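What follows is a set of notes on a single structure, which appears directly below.
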Amino acid sequence: MANQRRDPEQRPSPEALLEAARREDDHAGRLKIFVGAAPGVGKTFEMLQNAHAKRRAGIDVVVGVVETHGRAETEALLAGLEVIPRHRVDHKGQSLEEMDLDAIIARRPKIALVDELAHTNAPGSRHPKRYLDVAELLSHGIDVYTAVNIQHIESLNDVVAQITHVRVRETVPDSVFDGADAIELIDLTPDDLIQRLREGKVYVPKQAERALEHYFSPGNLTALRELALRRTAERVDEQLLSHMQANAIAGPWAAGERILVCISEDPRSAGLVRYTKRLADRLHAPWTAVSIETRRSLQLTEAQRDRLADTLRLAEALGGEATTIPGEGRRIADDLLGFAHGHNVTQIVIGKAARSWAFELLRGSVVHDLVRRAGNISVHVIAGDALQPVAKKPVQAVDRVEPIDARSYFAALGIVALALGVAKLIQPMFGIENVDLVFLTAVVSVAVRFGLWPSLLASVAASLSYNFFFLPPVYTFTITDPTNVAAFFFFMLIAIVVSNVAARVRTQAMSAFGRARTTESLYTFSRKLAGT
């Protein structure tokens, strides 16, 4: 890891640090899962080989329960390992054998082997499922090696049933799989597994013949193998992302593809989402649709807000994640790249509207800025024509014009007039050098109360008032002293910059207030649901 690059401005994620601290807690045992695509790939065999290696290293290992299924190779590996005798559970006149959980806890080995994680315990046992037995062993500081087939993972139950036409009843919650400290995939090609079946190394001959005709067909095994590879890759990708967040490592690390698509209220954003879905399917990559809350977000019409919400829902319906982040910087590109680096994004998809060079020169281009600053992240720029059909008749695009509230502009002029009166009063006592602070205070007040455009009007009015009433010769817009010319232009520049900053702070405060109201509404709604 000598080439890890840390971003000095990026802080470790609190959630990732807590997870890392939990994993480093010496009081809890460690869970290692050997996972395979189907029975017979060698999970238990590999688990036993790992146990012998640990025993040779001087580590205390016991066998809690291992199912050999009559396989000679597996039974041979049990030799030399301490096996905890199972205890009997009587149920409806039958005597069933289960793992002796209390005996293992009393024995307190360093590692316990617990096969078949998805097993259902006999009625009357302390826990209904074996993975709960494993959780208790871990809580006592005992490391556990266990094995499970991919079809037993809860979230894949329906997918496996669709592939194999067999509904698996014994399942393990995804949280157990995702919470494991180590996952080892035991991979075997379908041809090799079928050969093992024919040699009688998995099932007895008659049972093997039936298995080959149904569950163990080449098509089924290929699909199950792909499921196992993908689910394990997802788990490894999560571990990589947690490691990067916990150590504030700047991404991306292109160990696996991860795609980000930037959306807005533009009708073409839905096309961007569909393009990203197709790209993600080709790359077998997770993807996220992100919308950035900026000053413009507060000026959107109800129809535009609904369109943006529909696009976010479309992303979720197509299997992606959808999120909205606040714009924290002057550049939207910085906000996008900050999110991308924090989530190990390797590719960004963004749309480009057809705008004149003069517009981009005056207002800048998010796309060009993103491409220049993306670094190792690939950027897909999708032109508007690629996302929607060209209209039969040319339609001139017109930006939405917000209704002008004349009262805010009159109020801005009134505040500047009030500042002028105060400045006239204090000039004899403090001199002309401090008069400009009164006008700047007025500009900031207008920006905080009424927003950007009234504050820009206030900046111009304050600059003209400062020139007309205080810079010699007074009561004229003529400035004879070159020093006063520079002072006037610096005052105007500072007034405009301050108005912009104050307006941006106002916008962010209003956006935060809106998010707080939304969160409060969701919390109230969840409490009502919990009470029903």
What spacing in nm lies between the two simple spin-label points modelled at Val422 and Gln162, each 7 Å away from Cα in the Cβ direction?
-> 6.7 nm
Projected label distance in nm at Val448 and Leu493, using a 7 Å step from Cα toward the beta-carbon = 2.6 nm
Built amide H within the under 5 Å cut-off of Ala322, gap 5+ | Ala289
Which pairs in the list Lys32/Lys129; Lys110/Lys201; Lys32/Lys54; Lys277/Lys352 are over 23 Å apart, alpha-carbon to alpha-carbon?
-> Lys110/Lys201
Ala28 versus Glu234: modelled label distance in nm, points set 7 Å from Cα along the beta carbon direction | 2.1 nm
A correct Karplus calculation of ³J(HN,Hα) over region 152-161, with 6.51 cos²θ - 1.76 cosθ + 1.60, θ = phi - 60°, whole Hz and x for Gly and Pro, returns 8, 6, 4, 5, 9, 4, 5, 5, 5, 5
Kindly state, to the nearest 0.05, the FRET efficiency for His380 paired with Thr324, given R0 = 30 Å and r defined as their beta-carbon distance.
-> 0.90
May I ask for the distance between the Cα centers of region 256-314 and region 38-64, given as a whole number of Å?
-> 48 Å
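Throughout, read-outs are computed from the coordinates displayed, never taken from laboratory work. Fair warning: this is a prediction, and the values are worked out from it, not measured in the lab. Neighbour counts are summed over all protein chains in view; Cβ atoms, including those assigned to glycine, are modelled from backbone coordinates with ideal geometry.
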